[in-house]
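The values are calculated or read from the model by the stated rules, or taken from the named source; none is laboratory data. Just so we're clear, the structure is a prediction, and the values are computed from it rather than from any experiment. Don't worry about glycine lacking a Cβ; one is built from the backbone with ideal geometry, like all the others, and counts go over all protein chains shown.
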Amino acid sequence: MFLLWNRSFSRNANPAAERTRETLGEDFVRKLDALHDDALRTGLVTTADLQEAYRKSRDTDRDPNKINLWYVLGILAFIMIVTPVFYELITFFLGVRCFLPNNYIVWEATRPISDCGFCRDVSGPKVLQNMTREEFAPYAYSSQPIIIKNAVAHWAAKKILNFNYLKNLYERIPGAIDEDCPFLHFRSDFKSLRDVLAMPSARSNLSAGQTPWYVGWSNCHPTVLEELRKLYPRPHFLPVDAEMPNADYVFIGYEQGVFMHLDYIPRLMWQAQLQGNKSWIVAPTPECDHVCQSFSFYVEPGDAVLVDTRIWYHGSSIPNKGQFALTIQSEYG
């Protein structure tokens with residue numbers, strides 16, 4: 001098209017157009033002339049149209065904001081090369097595998113819209129006393145938060161499990177501390193499980209003047225999982241055909257707790273409160289605020305909590321200042 005525009009200018013003895021004709025060769029230009037004349041003859045294009053199109057093209061070429069394809073491709077190539085290097089530097093210097101540990105923004109933007117049936121007329125948790133599997137069956141897959149009082153009070157973990165037990169367990173199993181298991185630092189200043197287990201006793205006991213901390217991690221190392229599950233069995237109230245994952249979570253610490261969030265997990269969640277007390281706050285998804293309500297509740301050592309954390313926003317804290325809390329969490333479904 002550029003050549004056609006130059007054809008219109010050549011008829012006005014434009015020197016640049018004449019030089020273009022000589023450069024390209026007469027045979028090629030004759031074909032362009034014929035195409036140009038046919039276009040003018042049909043009335044589809046005029047000389048003024050070609051001149052205006054050429055002017056716009058020339059102005060675009062001079063526009064400093066014009067996006068150059070090669071420039072864009074160069075930037076993309078740069079990002080593809082630099083990103084892995086940046087990732088390795090973050091891992092090496094900070095000891096974390098993810099620059100953004102959890103992509104909650106994307107997850108929230110892409111989650112399904114709730115129909116609000118799960119929270120309508122729910123104003124608090126259903127509180128049950130310790131019960132058998134058969135007694136629990138009607139509630140097993142309920143979306144209402146449930147507390148089962150004293151359901152795990154008989155577990156050996158309630159008496160034995162603490163920070164020092166966990167530290168000794170991980171240190172005597174080769175490679176367990178550095179196993180590539182998910183680690184959640186929450187509001188603490190720890191970057192890995194190794195950091196947690198290496199803290200001085202004054203910090204782990206929250207002695208006077210020490211900063212509170214609260215973390216969680218998956219005990220996905222098979223030997224660690226085997227040893228810990230000797231201290232806590234499969235909850236006796238769960239359905240016999242309920243599937244269980246190949247890892248659980250341990251949550252320990254003081255005061256800080258967990259910010260409000262949804263869990264993007266495949267199954268329902270149960271949590272055993274083994275040490276300390278915990279305060280929960282539960283809220284419906286934002287689209288259900290007009291028909292549902294938020295509420296809070298309190299659990300004690302020996303209690304089991306069941307919440308469908310995939311649909312209920314939830315957060316927690318350790319209400320008693322200086323009190324150590326330890327929780328085991330897993331899934332079923």
**Request:** Kindly indicate which of 233, 301, 245, 239 is assigned by TED's automatic domain parsing to the domain that holds residue 152, in contact (Cβ under 8 Å) with a residue 40 or more places away in the chain and in contact with a Gly (Cβ under 7 Å, 6 or more places away or on another chain).
**Result:** 301
**Fill in**
Taking region 166-179 and keeping only residues that are without any contact (Cβ under 8 Å) to a residue 60 or more places away in the chain and either loosely packed, with under 12 Cβ neighbours inside 10 Å or not in a loop (DSSP other than H, G, I, E, B) (or both), one is left with 167, 168, 169, 170, 171, 172, 174, 175
**Fill in**
If we keep only residues of region 171-198 that are among the acidic types (Asp, Glu) and farther than 17 Å from residue 249 by Cα, then the residue nearest to the chain's Cα centre (by Cα) is 189
**Message:** Restricting to region 136-145, and then to whatever is part of a helix (DSSP H, G or I) and touching a strand residue (DSSP E or B) at 6+ places or on another chain (Cβ under 8 Å), can you tell me which residue is surrounded by the most Cβ atoms within 10 Å (Cβ to Cβ)?
**Reply:** 136
**Asked** Which residues, counting only those in region 269-294, are touching a strand residue (DSSP E or B) at 6+ places or on another chain (Cβ under 6 Å) and under 16 Å from residue 125 (Cα atoms)?
**Response** 269, 270, 271, 272, 273, 278, 279, 280, 281, 282, 283, 294
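Okay, residues lined up against (1) closer than 30 Å to residue 206 by Cβ; (2) of a type in the set (S, T, N, Q):
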{"position": "238", "(1), (2)": "no, no"}
{"position": "249", "(1), (2)": "yes, no"}
{"position": "269", "(1), (2)": "yes, no"}
{"position": "278", "(1), (2)": "yes, no"}
{"position": "287", "(1), (2)": "no, no"}
{"position": "293", "(1), (2)": "no, yes"}
{"position": "296", "(1), (2)": "yes, yes"}
{"position": "308", "(1), (2)": "no, no"}
**Asked** Hey, does region 311-318 have a residue that's aliphatic (A, V, I, L, M), closer than 24 Å to residue 120 by Cβ and in contact with a strand residue (DSSP E or B) (Cβ under 6 Å, 6 or more places away or on another chain)?
**Response** no
**Request:** Mind counting the residues in region 217-230 that are in contact (Cβ under 8 Å) with a residue 60 or more places away in the chain and either of a type in the set (Ser, Thr, Tyr) or under 21 Å from residue 317 (Cα atoms) (or both)?
**Result:** 0
**Request:** Report whether or not residue 248 is buried (at least 16 other Cβ atoms within 10 Å of the Cβ) and of a type in the set (D, E, K, R).
**Result:** yes
**Message:** With touching a helix residue (DSSP H, G or I) at 6+ places or on another chain (Cβ under 8 Å) and modelled with pLDDT of 95 or more as the only criterion, which of 302, 276, 315 stands out?
**Reply:** 302
**Message:** Please determine whether any residue of region 146-165 is assigned to a loop (DSSP other than H, G, I, E, B) and touching a Lys or Arg at 6+ places or on another chain (Cβ under 6 Å).
**Reply:** no
**Complete:** Selection from region 255-293 of residues free of Cβ contacts under 8 Å to residues at least 12 places away in the same chain and either assigned to a strand (DSSP E or B) or closer than 11 Å to residue 312 by Cα (or both) yields 286
